[in-house]
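Written out below as structure tokens is the structure these notes cover.
Read-outs: derived from the displayed coordinates by stated rules, not from any lab. On a predicted model such as this, the values are computed, not experimentally measured, just so you know. Cβ sites come from the backbone with ideal geometry, for glycine too, and all protein chains shown count toward neighbours.
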Amino acid sequence: MSEAAVLGAGRGRAVYLDYSATTPVDPRVAEKMNGCLSMDGEFGNPASTTHAYGWDAAELVEEARVHVAALVNADPRAIVWTSGATESDNLALKGVAEAAGGGHLVTTSYEHKAVLDTAKYLEGEGVQVTYVDPGHDGIVDPAHVVAAIQDNTFLVSVMHANNEVGTVNDIATIGRRCRERGVPFHTDAAQSAGKLSLDVERDCLDLVSISAHKIYGPKGIGVLYVRREPPVPIAEQIHGGGHERGMRSGTLATHQIVGMGEACRLAALGADAESRRVMELRRRLWSHIQQIPGTRLNGSSELRLPGTLSVAFDGVDGETLLMSLDDIAVSSGSACTSATVEPSYVLRAMNIADDLAASSLRLTVGRFTTPSDVDFAGRRLAEVVGALQHRTSP
Ligand SMILES: *Cc1c(COP(=O)(O)O)cnc(C)c1O
């Protein structure tokens with residue numbers, strides 16, 4: 001991500017179009033969290049069973065657990081608090097691998113690094129991994145996933161929506177096929193939870209990673225849904241006290257948890273209306289961008305998150321473009337990898353040429369984006385891309 005974009009957003013000057021990287025905390029969420037941070041608020045340790053400070057904090061934690069569970073139609077007892085989707089992904093992959101005593105893992109080549117790097121680590125531990133490629137449209141073919149399953153496959157992990165291009169996989173079909181084969185199925189739903197319909201029963205999901213800061217909650221809190229019936233064998237990865245039914249130790253962060261609960265409650269309340277509104281903004285942004293010569297959308301135009309666009313600007317270097325766009329906060333690919341100048345591994349996996357990948361930007365709109373933000377961004381993109389194309393043309 002460009003320095004200018006970061007600073008601009010911090011000063012409240014640049015138009016923020018990077019909701020895939022993180023979202024602002026909804027003021028209603030912040031208010032709830034404040035109630036756990038003051039002297040007269042619920043500061044107790046939820047694990048304290050000997051006084052009301054502890055009981056009251058525990059009650060708030062359990063309320064929040066119900067809100068998070070409801071978002072994915074889960075049994076609240078199957079929700080394990082973590083520090084975010086990165087930890088959830090680690091717990092899912094390492095925890096199931098360890099409980100299975102090794103074997104074979106099926107995942108995809110365009111997962112978030114939280115899954116990919118964990119899979120790489122497991123390879124070092126002797127686990128065999130198959131990385132299924134998405135198609136050029138950024139969608140993973142469920143048949144390819146099923147074909148990769150072996151007798152010793154202990155887990156299939158396929159992300160719901162890709163964080164860089166915004167394309168959405170048919171996890172319900174993959175989930176059902178895995179269930180038929182008796183293989184647990186994990187999905188990283190950090191980008192999709194609260195935005196797309198997710199149902200652990202209907203979609204046959206056994207493990208689901210969710211992060212609060214992608215849905216207007218605070219950073220540093222997430223969950224892993226771990227199915228109880230039939231149980232998914234999983235080994236804890238953080239030891240020390242046996243919190244969260246022995247799956248994740250550590251004093252629960254009441255304020256973070258309450259924030260995530262409220263974020264999920266708000267997401268569930270307004271999901272349909274918000275998705276429609278955000279999709280309308282994304283279409284409006286695309287209608288501006290489309291008019292810029294040499295632009296193309298990366299990934300399927302239909303099977304995508306309501307707010308996410310990944311666009312290649314032919315003949316323009318993405319990093320240069322970012323530097324020139326100091327009044328719009330966007331990113332080249334995902335925030336986590338844009339410190340390096342390597343072409344995006346996600347776009348590579350989709351078989352998009354390196355020069356187009358290098359000229360790609362990710363733009364995401366969200367809850368607090370306005371039509372005038374989008375119109376401003378469209379106008380600025382047209383100006384800057386036009387100037388850069390003019391400069392580089394012979
Ligand atoms: C943001 C994100 C993560 C990491 O979540 P954190 O809560 O920031 O650790 C993992 N997977 C996907 C798909 C994401 O978008």
*Mind checking the alpha-carbon convex hull of the chain and giving the volume per residue in Å³?*
133
*How long is the gain from HIS390 to ALA143 if the chain were fully straight, where each residue apart is worth 0.36 nm and the alpha carbon distance is subtracted?*
84.4 nm
*Rg and Dmax of the range 173-245 over Cα atoms: what are they, in angstrom?*
13.6, 38
*Relative contact order, percent, of the chain when contacts are C-alpha pairs under 8 Å separated by at least 6 residues?*
24
_Kirkwood-based Rg to Rh ratio, the range 11-55, C-alpha trace_ = 1.24
*According to the Cα gyration tensor, what semi-axes, each the square root of 5 times an eigenvalue, does the equivalent ellipsoid of the range 204-306 have, listed from largest to smallest in whole Å?*
37, 17, 14
_Run the numbers for ASN34 and ALA70: contour at 0.36 nm per residue of separation, minus the present Cα-Cα distance, in nm._
10.6 nm
*Under a cut-off of 28 Å between alpha-carbon atoms, report the lysines in cross-link reach of LYS32, not counting same-chain residues fewer than 8 places apart.*
LYS195, LYS214, LYS219
*Using a Förster distance of 41 Å, how high is the FRET efficiency between ASN152 and ASP327, based on the Cβ-Cβ distance and rounded to 0.05?*
0.15
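Just the number: Rg to Rh for the range 249-387, Cα atoms, Kirkwood Rh, two decimals. Don't skip to the end; give the middle numbers.
Numbers: Rg = 17.1 Å, Rh = 16.5 Å.
Radius of gyration relative to Kirkwood radius: 1.03.
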_Over the Cα atoms of the range 149-188, each weighted equally, I'd like the Debye log10 I(q)/I(0) at q = 0.35 Å⁻¹, rounded to two decimals._
-1.18
*When a/c is below 1.5 the answer is rounded, else prolate if a/b is larger than b/c, else oblate, so apply that to the range 107-189 with a ≥ b ≥ c taken from the square roots of the Cα gyration tensor eigenvalues.*
oblate
*Contour minus end-to-end for ASP354 and GLU125, with contour as 0.36 nm per residue of separation and end-to-end as the Cα-Cα distance?*
79.2 nm
*Charge tally in the Cβ shell below 13 Å around VAL365, where Lys, Arg are +1 and Asp, Glu are -1, VAL365 excluded*: +4
_If the reach is capped at under 17 angstrom between alpha carbons, list the aspartates and glutamates near LYS120, excluding any in the same chain fewer than eight residues apart._
GLU87, ASP89, GLU98, GLU111, ASP133, ASP188
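Based on the alpha-carbon gyration tensor of the range 212-256 and its eigenvalue square roots a ≥ b ≥ c, which shape applies: rounded if a/c is under 1.5, prolate if not and a/b is larger than b/c, or oblate?
Verdict is oblate for the range 212-256.
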*asked:* With N set to the number of residues, divide the alpha-carbon radius of gyration of the range 282-336 by 2.2 N^0.38 Å and report two decimals.
replied: 1.14
_For the range 143-242: relative contact order, % (alpha-carbon pairs under 8 angstrom, 6 or more apart)_ = 21
*Using only C-alpha positions, report the orientation-averaged shadow area of the convex hull of the range 23-142, nm², one decimal.*
11.1
